[in-house]
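Step one of this worksheet: look at the structure below.
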Amino acid sequence: MRQNSKLGLPLALLFAGSMWFYVQHVLISHQQADAALHGIPRGNLSDLYPRWLGARELLLHHRNPYSPEVTREIQIGYYGHPLDPTRPLDPKDQQGFAYPAYVVFLLAPTIGLPFPTVQAGFRWLLVALTGAAVLLWLRTLRWRPPLTTAAILIVLTLGSFQVLQGIKLQQLSLLVGALVAGCAVLLTGNCLATAGALLAFATIKPQLVLPLVAWLLLWAFSDWPYRRNFVWGFASAMTVLLAAAEYVLPGWIWRFRDAVIAYRQYNDGAGSVLDVLLTPDWGRVLAGLVGLALAVTAWKHRRASTDSPAFNLMLVLVLATTVVIVPKASPYNQVFLLPGILLVAGKWRVLWRKNRLTQVLLMISGVLIFWPWLAATALTIASLGLPADVVQRAWALPVWTSSAIPPAVAALLACLVVRAPET
């Protein structure tokens, strides 16, 4: 065991370093060459920028961040020029301020700083928060691995393609992932009101946390005398956020609704991982069935206590299922698979002895999860002897399994939840 741990950390560092090399010198270099060849604008490629500029314009200049005028200014900063529908090579994503207005309160401390400073600082903040999220999930799942094993898990998480993409893009999904991890550890520590308040802040990306909110509210109402503080904490924080947003931007909810509708229209090709793996029609049908199955399972385990395996299993299953059905198959959203993968990693020997189906799912999930690191390592080694343009032709190799990882992890967790006791 000790020898395996000593070998595991250098191997994890190799995988993480190879993934960094792949993202920086293969994937991004390929995208830059392709953009230059076809005249496609790239801009600063920061998902934080539209939110930051919208927050600055609202809080400093009292302008509507959802307005076409602010959207045009966002496009100039993001792409380098405003988008023109008559230019066929211009991106379709308008980069509008399609977030709840109360996200500006989280960004308020940064609006007086130049964006390059904010961008650099936010990257390091996401690195720290994601590394901390690993430790928070280990505590939530009551897995206390040796220090070396914990270091391996942090290195692999920070060196995964999904997290590196989120860090490169300064994606708020990683911030929300850390908030959810904090909520989970507070729940297991019986700090219910604070957990509810933290979850309220995580609703800055509502599509990623609504299933979790629904599950935890069902869980809380199922034992109201002992769990009501969670509801009060969540409701109080949401009330403050909604009221404060209404104060700084009256009628923002309707503007946000219109922004979401517009976002769906200009991102019509976006879909869930089920849409990618199957077709949009079959993907929606299967997503509906998956959501129904999750609702039935949640009802069955609604009385589980926070110190029970059933509660942790439901928690990670809801997050994994969200990644499967959320209508955007972006790899950075897979940070919500982290607790499910950690749970499986900590219990894999026990799981292997359960039955043949679990063994098959373990093997499939393991291959899908480790493939990106193996492929990135192969491309890193190949770059030592091959020209860069040759290596870049294989840029898609490490992301082959990206869409298949969420369903595989969710299926494995579903098998465990079905067999778990209800309390």
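A few remarks follow.
- Only the Cβ atoms of Lys and Arg (+1) and of Asp and Glu (-1) were treated as charged; on that basis the dipole of the stretch 29-123 about its Cα centre amounts to roughly 160 debye.
- A Förster radius of 51 Å combined with the Cβ-Cβ distance from ILE253 to PHE370 puts the calculated FRET efficiency at roughly 0.70.
- Cα gyration tensor, the stretch 224-289 - rounded (a/c under 1.5), prolate or oblate: oblate
- Here the Karplus curve 6.51 cos²θ - 1.76 cosθ + 1.60, taken at θ = phi - 60°, turns the phi angles of the stretch 100-116 into couplings of x, 4, 6, 4, 5, 6, 6, 8, 3, x, 9, 5, x, 9, x, 4, x Hz, with x standing for Gly and Pro.
- Using the Cβ-Cβ distance between ALA293 and LEU13 with R0 set to 35 Å, the FRET efficiency works out to roughly 0.35.
- Alpha-carbon spread of the stretch 321-423, three principal axes, descending order, Å: 57, 32, 18
- Mean residue ellipticity (222 nm) of the chain, computed from DSSP H runs ≥ 4 via -39,500 (n - 2.57), nearest 500: -22500 deg cm²/dmol
- Spin-label proximity, HIS38 to the stretch 388-416 - amide N less than 13 Å from point 7 Å beyond Cα toward beta carbon: none
- The stretch 30-142 shape via C-alpha gyration tensor axes, a/c threshold 1.5: oblate
- Here's how it looks for GLY159: its modeled amide H is under 5 Å from none belonging to a residue 5 or more places away or on a different chain.
- Highest-first arrangement of 6-14, 146-154, where packing means the average Cβ count within 10 Å: 146-154, 6-14
- In order through the stretch 78-87: 3J(HN,Hα) via Karplus (6.51 cos²θ - 1.76 cosθ + 1.60), integer Hz, x for Gly, Pro: 7, 9, x, 6, x, 6, 10, x, 7, 8
- FRET E, pair HIS81, ARG264, Förster distance 30 Å, beta-carbon r, rounded to 0.05: 0.80
- Taking the average, over residues, of other Cβ atoms within 10 Å as the packing measure, peptides 288-295, 367-374 rank 367-374, 288-295 from highest down.
- Prolate/oblate/rounded label for the chain (Cα gyration tensor, a/c 1.5): oblate
- Net lengthening on full extension, ALA243/TRP400 (0.36 nm per residue, minus Cα-Cα): 52.1 nm
- Inter-label distance, nm, simple model (7 Å from Cα along the C-beta direction), CYS415/ARG142: 2.4 nm
- Charge dipole (Cα centre; +1 on Lys/Arg Cβ, -1 on Asp/Glu Cβ; no other charges) of the chain amounts to roughly 1400 debye.
- Applied to the stretch 38-44, the Karplus parametrisation 6.51 cos²θ - 1.76 cosθ + 1.60 on θ = phi - 60° returns per-residue 3J(HN,Hα) values of 9, x, 8, x, 10, x, 8 Hz, with x for Gly and Pro.
- Positive end of the dipole of the stretch 31-418 (Cβ unit charges, origin at the Cα centre): among TRP371, ASN64, LEU174, the Cα lying farthest that way belongs to TRP371.
- For a straight C-alpha distance cut-off of 14 angstrom, the aspartates and glutamates reachable from LYS205 (same-chain residues fewer than eight places away being disregarded) are ASP47.
No value in this document is a laboratory result; all are computed from the given coordinates. Predicted, not measured: the structure shown is a model, and the values here were computed from it. As a convention, Cβ positions derive from the backbone with ideal geometry for all residues, glycine included, and neighbour counts pool all protein chains shown.
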